[in-house]
Each structure stands twice: as C-alpha cells, then as structure tokens.
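Working notes, structure below.
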Amino acid sequence: MADLGNILLYFLFPISVFTTLTAIAAGISKRKGLYLAAQRGAYATMGVTTLSVITLIYLLVTSDFSIEYVASNTNQALPLFYKIVALWAGHNGSLLLWTWIITIFIAIVAFQNRHKNNDLMPYVLATIAGTITFFAVLNIFIANPFDTLYMDLGDKLQEYTVPDGRGLNPLLQHPAMIIHPPILFIGYVGSVVPFAFAIAALLTGKLGSGWIRSVRRWALTTWGFLSAGIILGGKWAYVELGWGGYWAWDPVENASLLPWLTATAYLHSVMIQERKGMLKVWNMTLVIATYLLSVFGTFLTRSGIVSSVHAFANSGLGPLFAIFLTSSAIFSLALLLYRKKDLKAEQEMQSLVSRESGFLFNNLLFLLATIAVLWGTLFPVISELVTGDQITVGPPWFNNIMIPIGLALLLLTGVGPLLAWRHTSLESMKKSFGIPILSSILFTVVLFALGVRDGWALGSFAISFFVLWTIVVEFVKGAQVRRKNSGENYLKALYMLSRKNTRRYGGYIIHIGMVVLFVGFTGNAFNSETRAEVDEGDVFSLGPYEFTVQEIRHEENDNYSAEALVLNMTKNGRLISTLEPEKRYYFASEQPSTEVDIHSTFREDVYVVLSGMSNDGERVIVQVYRNPFVKLVWIGAFVLVFGTLFAMVPNLRETKGGNR
C-alpha cells in the first residue's frame, strides 16, 4: 500500500504542473480546449490526492509499522479514531492533508465557474495549481508520509518493521484535535481562492467588481473556518495543556491570528468598494496579505525558528517555504504596482464623520493590530539575529498593546451602524448616540457600585453594552418598520427582515458573537488561583469554595498509567462537585500528560490541575483556578459561527430569482 501512496504522489506532481502550464496557455491563447484540459487537470489533482490520503489512513488504521510515519505517530493500543486523527498529527501527514484541501478547493472552484468568469478562470486555476505544485514537491521529496523504515547495516540500508509504534503525542489525544487542525487548515488554505482571483484580475486587467463578487462567499468561508479553528485551538489548550488559560500569545497561535486580522479587515472594507468604488488598492492588498500570512503561518510552524507547543520540530522545510513566500510576495506586489493606476477610487471620502470613515478607521486599527502581533511574534528571531540573544516577548506586552486596540475595534462595531453614508449631521449623531451612550454610562456606574474597579474591565463592559444596544436597536427598528408595512407579526417580521438581507444581519449576529467573546475575555481580569501540596483528608480553599481530598489513586491500562486525585468541592457546606484531575504517563511515546477537571457554570469555571508530586514524594501538588465568564467565550464562538453561516445564506430575493 505504501508503494501505491508513493505512486499517487508522484502522479500529483506532473498533473499539477500540466494544469498550471495548460491554464496559463489557455489564458494567453483564449483556446477553449486548453481551458477544458486545465479543468480536467484540476479534477485529477483532487482525485489523485484523495486516493493518497485514503492510502495513508489505511496504513495508519492497520498499524503498518514498516512505514516511518505510522510508527512515529501511532501504536497498537491507540484507539481507532485517534489512529485516523494521526493523519494530521505529524509533520508529513499534516502536509499531505494541506495539499489535499488545496486540491479539493481547486476542483470546487473549477466546477463552480465552469460556465462563467471565462477571462479570469485560466489564471485562477494556474495560481492554485502552482501552489499545489509547490506542496507536491514537498510531499514527494522532503516530507513523504509513505517513507519506509530503514536499518543502517554499514554497507547498505535494509527495510525493517518495528513491533510497535511510538504512539500519538498525548497532547493530541483529545476530541478537539479531531476537528481543530482540519478546520484551521481549511481557513488557512481557503485564502488561496480569493488570492487566485485577485491575481487573475491583476493579470487580465479585469479590475471591476466581478472578481469581488466571485470570492465574496469564499472570503467569508475562509474567515469563518479560521475563526472556528482558532477558538477550537483555544478550547484544546484550555482543557489539555493544564495552565488554566486558552490563549498565551504563543508564536503559532499568533500565526493563525494574523491572516484572521487581515481577512476581517477585508470583509469590512470590501463593502466600501462595492458601494462606493473606493479602497480598491487596499482591498487587493488585504487579499494578498491574507494569503501570504497564511503561508507565513505554515512556514513558522515548520521552520523551527520559533519554539511552540503547537509547532513541529525543525523539518528542513524552512528555506523552501521562505523562498516560496518571498517569490509569491514579490510577484504579487509587482503586479499590484503595475496595475495601481487602474485601481483608482471612483469617489473620494467626503466626511470624517461617515460610515465610510468608520470602515476606514476600522481597517487602520486592524492594520495596527497585525503589525503589533507580527512584530511581537518575530521579535525573538530578530533579537537573536541582531544581538545573539533570543529575547522573548511575553503575554503582558501583547496584552498592553492589543487590549486597547481590541476595545477600539469593538467600539467601532457599535458606532458604524449609527453613522450615515457620505456624511452624518450633528443632529443625527445626537439622535443616534444619545440614548446608547447614556445607557452605557449608567451601566458602568452600576458595575462600579457593585465593586468592579478594574479600568480595562469597566471599559470593556461599557463598550460591550453600547455595541449590543446598537445592534438590538437595528433589529428592533427594522422589524417595526416591516411589521407596519406588511402587517406581519413581530417574529415573522424579524425573520423576513433578516432573510431579505442575510449578509447585513448575519454580520450583526457575528458582531453579537464578538460582544459575547469580549465579555468572556474580560473575565480574565478577575481570575484567581491557589496551589497546595496535599494528602488524603487534607482541606484547602479558594474564594468561597472548600476542597477536600477524598482519594489519591493509581490507575493503569494498555495505553497509559495515571495518578488520579479525587476532590470534593463544597460551598457553604454544600457539595457542589466531585473533581478528578489526572497526571498520565503514556507508555508508547514515553511522555506525560495533564488531564484537568473543570466545574463549569455560566458565571465561572473552577479548573483543577494535578501538577505532580511534592519534593519528598509524599504528597501531590494541586493547582486550582477560578476563571470567570469562560463559558461566554465558547458561547460567543458559537454565535459567531452561526452568524457566518447565516451571512452566506442567499437572500430571499436571490432564491426566488434563482441567482445564487
């Protein structure tokens, strides 16, 4: 089966090269036959890669330990679904998954546009197929997941099979890891489609709104998957790493945030281009930047230049990724500069107090956030190059920079809908902003009276209240007008209002999700924790909770051994929960793992970690955290994803007209 996998990968390279060259020839010559051949090449890349993925999954499931990748990432005792997850657990397999997703996307794009965008599509296919060619080279020659194990006998190499594998990394043996990497990869890889259309528009000079309409849902889909992938990664870190948090400004975490920031900026600013014909150069730059930052994230993960729990070991791919990233950037920016004169704005900004200016300030803040995160992420590398010492930029630095930027962005989320296009009069501003501002001030006073003293927390709660107020008012006013005109009941009027403009109201739902997320993030200002060395029968407390050690026990199965701690958590003498954190040791991989236990309510999480043994070996060390509002982070993420899906649903008028 490994030979079949290799053969399939070797087929992928010439097919992707053929597709790239044929598509370019079709674009230059305008010959339909060449374009059809490029289309078929796109479908063939997906078919070949799909079969190679199926082959690798078969090798993983059947535990073929003659294959280096299988032996490195699975073992006999590993549960079946984790053997399948091992497809993306290691470096070579995850790169194959990456390639597979790209080939799926090129096939979908080719099929979607088989009867339209005839001028653009040859270059769209060429751009995506060129990317596939690069990844095919990596899969075949540098990171081949079908490589067999060899034993060095001095004068020759001999294939051999190990009796059992090293097992899956314990950190990856969690349900979130079943879906987190593929979802994040789809978000990363999806950026190639808007990028390909942008490059095609620049090459052909077709710089109107056609290419934007073609990538509208692709851009939103990419953003949605990136958002979901980032949140799922935070959930995994929260329940698996045992440090009490979900975001540590880790370099690889930051790498996923960077394209999310530029993609979010694009989704806002592209509305100005569609409505006013402005920001054309800027939107093109954002599309290109999102793609380049996605490639940069892959480079960061696999180059070994940064230290991260999320990163793979130094794989030797760093130089090739650097060359690909640099050449892509030079080619894209050269094209953009060449076409700059054709991307002039059709209208000028008429007022700083307008919806257009609101979007502009929004984008400037996203740009500032991107620069800050990029600088903080690369600073250790830069400092080592300059001084020879690697100086790490920690969470306090990122928080000091990003909290005010984030709150300013959240504020603009509420301000934007209240501003008029072109110009907002003073009278209109008084009418629109008066009640929301006064209500937010009153809300802040109430919070202060209740004991909230942290300045940033008060600011976050006040802005969140303001934004939520403005969004709810948008729904209420719209539904009231529709109800008056149509005679529908209130709920139907609200539904029909939203379905008539899913993009607008889906955006509002996304903004509600962001408000809920920010309230969840603000809970970090009130975190507390305690650490104790305990034995059976010991009692310790944190806040209003008292913890009694009921039992310390040892467990063992074929996969791992574990030390488990049983704690009764009480409040005012009443049993609230029994928590059982563990410290595991996995036999195959010879690695430890921390399994936390969490009592979660709407108000707060009580998060318990069994850290290890005391120095004398007689007692266990337990760490307990109180994390307010964490559940709101996961609820906000759900609302955000729902809003994204709703925004992609065709409007009712589109459905009736058959124009999707």
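Any residue at all in the stretch 295-308 that's charged (D, E, K, R) and either modelled with pLDDT of 85 or more or farther than 30 Å from Gly93 by Cα (or both)?
Our first condition is that a residue be charged (D, E, K, R); within the stretch 295-308, this holds for 302.
Then keep just the ones that are either modelled with pLDDT of 85 or more or farther than 30 Å from Gly93 by Cα (or both); that gives none.
Checked the stretch 295-308: no residue is charged (D, E, K, R) and either modelled with pLDDT of 85 or more or farther than 30 Å from Gly93 by Cα (or both).
Within the stretch 425-436, residues that are under 15 Å from Leu352 (Cα atoms) reach partners that are part of a helix (DSSP H, G or I) with beta carbons closer than 8 Å, at six or more positions or on different chains, in the pairs Met429/Leu418.
Tell me whether the stretch 13-36 contains one or more residues that are crowded, with 20+ Cβ neighbours inside 10 Å, basic (Lys, Arg) and in a helix (DSSP H, G or I).
Quick first cut of the stretch 13-36, residues crowded, with 20+ Cβ neighbours inside 10 Å only: 15-16, 19-20, 22-24, 26-27, 35.
Then keep just the ones that are basic (Lys, Arg); that gives none.
The answer is no, given that none of the residues of the stretch 13-36 is crowded, with 20+ Cβ neighbours inside 10 Å, basic (Lys, Arg) and in a helix (DSSP H, G or I).
When residues in the stretch 92-115 are screened for being free of Cβ contacts under 8 Å to residues at least 12 places away in the same chain and farther than 18 Å from Thr221 by Cβ, 1 of them pass.
Residue-wise test of (1) in a loop (DSSP other than H, G, I, E, B); (2) out of contact with any helix residue (DSSP H, G or I) (no Cβ under 7 Å at 6 or more places or on another chain).
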residue	(1), (2)
Ile199	no, no
Leu207	yes, no
Trp243	yes, yes
Ser256	no, no
Glu274	no, no
Asn283	no, no
Ile288	no, no
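Scan the stretch 69-87 and tell me whether some residue there is polar (S, T, N, Q) and surrounded by fewer than 16 Cβ atoms within 10 Å (Cβ to Cβ).
Within the stretch 69-87 (the criterion being polar (S, T, N, Q) and surrounded by fewer than 16 Cβ atoms within 10 Å (Cβ to Cβ)), the answer is yes, since at least one residue qualifies.
Kindly evaluate Ser94 against the criterion of being closer than 25 Å to Gly297 by Cα, of a type outside the set (A, V, I, L, M, F, W, C) and not assigned by TED's automatic domain parsing to the domain that holds Leu184.
Details: closer than 25 Å to Gly297 by Cα: yes; of a type outside the set (A, V, I, L, M, F, W, C): yes; not assigned by TED's automatic domain parsing to the domain that holds Leu184: yes.
Answer is yes for this residue.
Within the stretch 509-542, the only residue that satisfies the criterion of being outside any strand (DSSP E or B) and hydroxyl-bearing (Ser, Thr, Tyr) is Thr522. If the condition is being over 20 Å from Ile509 (Cα atoms), polar (S, T, N, Q) and either assigned to a helix (DSSP H, G or I) or modelled with pLDDT of 90 or more (or both), then the stretch 471-491 contributes Asn485, Ser486.
Here is a check on your reading of the model: is Gly244 touching a residue at least 40 places away in the same chain (Cβ under 8 Å), of a type in the set (Gly, Ala, Ser) and out of contact with any strand residue (DSSP E or B) (no Cβ under 7 Å at 6 or more places or on another chain)?
Numbers: touching a residue at least 40 places away in the same chain (Cβ under 8 Å): yes; of a type in the set (Gly, Ala, Ser): yes; out of contact with any strand residue (DSSP E or B) (no Cβ under 7 Å at 6 or more places or on another chain): no.
Answer is no for this residue.
Among the residues of the stretch 433-475, those identified as of a type in the set (S, T, N, Q) and crowded, with 19+ Cβ neighbours inside 10 Å are Ser440, Ser460, Ser464, Thr470.
If you take the residues of the stretch 165-174 that are among the hydrophobic types (A, V, I, L, M, F, W, C) and at pLDDT below 85, which of them is surrounded by the fewest Cβ atoms within 10 Å (Cβ to Cβ)?
Taking the stretch 165-174 first, the residues among the hydrophobic types (A, V, I, L, M, F, W, C) are 168, 171-172.
With at pLDDT below 85 added as a condition, the list becomes 171-172.
Values: Leu171: 19, Leu172: 21.
It comes out as Leu171.
Of all residues in the stretch 175-188, at least one satisfies being under 16 Å from Tyr82 (Cα atoms) and either at pLDDT 90 or above or part of a loop (DSSP other than H, G, I, E, B) (or both). Being without any contact (Cβ under 8 Å) to a residue 60 or more places away in the chain and not in a strand (DSSP E or B) is the filter here; which residues of the stretch 543-556 pass it? Matches in the stretch 543-556: Pro544 only.
Met151 satisfies every condition listed in (1) in a strand (DSSP E or B); (2) under 30 Å from Ser328 (Cα atoms) except (2). For the stretch 202-213, does any single residue satisfy the condition of being at pLDDT 90 or above and outside the structural domain of Arg339 (by TED's automatic domain parsing)? There is no residue in the stretch 202-213 that is at pLDDT 90 or above and outside the structural domain of Arg339 (by TED's automatic domain parsing). Where strands (runs of 3 or more DSSP E) fall wholly inside the stretch 572-660, the ranges with 1 or more residues that are modelled with pLDDT under 90, of a type in the set (Gly, Ala, Ser) and under 31 Å from the mean Cα position of the chain (by Cα) are 591-595, 604-613. For the stretch 309-334, filtered to residues that are outside any helix (DSSP H, G or I) and either crowded, with 21+ Cβ neighbours inside 10 Å or on the phi < 0 side of the Ramachandran plot (or both), the residue that is modelled with the highest pLDDT is Leu317.
Of the residues that make up the stretch 353-363, is at least one in the same structural domain as Met514 (by TED's automatic domain parsing), in a loop (DSSP other than H, G, I, E, B) and over 30 Å from Val252 (Cα atoms)? Before the answer, list the steps.
In the first step, residues of the stretch 353-363 are kept if they are in the same structural domain as Met514 (by TED's automatic domain parsing); the result is none.
No, that holds for no residue.
Just one residue in the set Glu529, Glu488 is in contact (Cβ under 8 Å) with a residue 60 or more places away in the chain and surrounded by fewer than 18 Cβ atoms within 10 Å (Cβ to Cβ); that residue is Glu529. Of everything listed in (1) assigned by TED's automatic domain parsing to the domain that holds Ala329; (2) closer than 30 Å to Ala71 by Cβ; (3) not in a helix (DSSP H, G or I), the single unmet condition for Arg166 is (1).
The values are calculated or read from the model by the stated rules, or taken from the named source; none is laboratory data. Note that the structure is a prediction, hence the values are computed from the model and not measured. Glycine also receives a Cβ, built like all others from the backbone with ideal geometry; neighbour counts cover every protein chain displayed.
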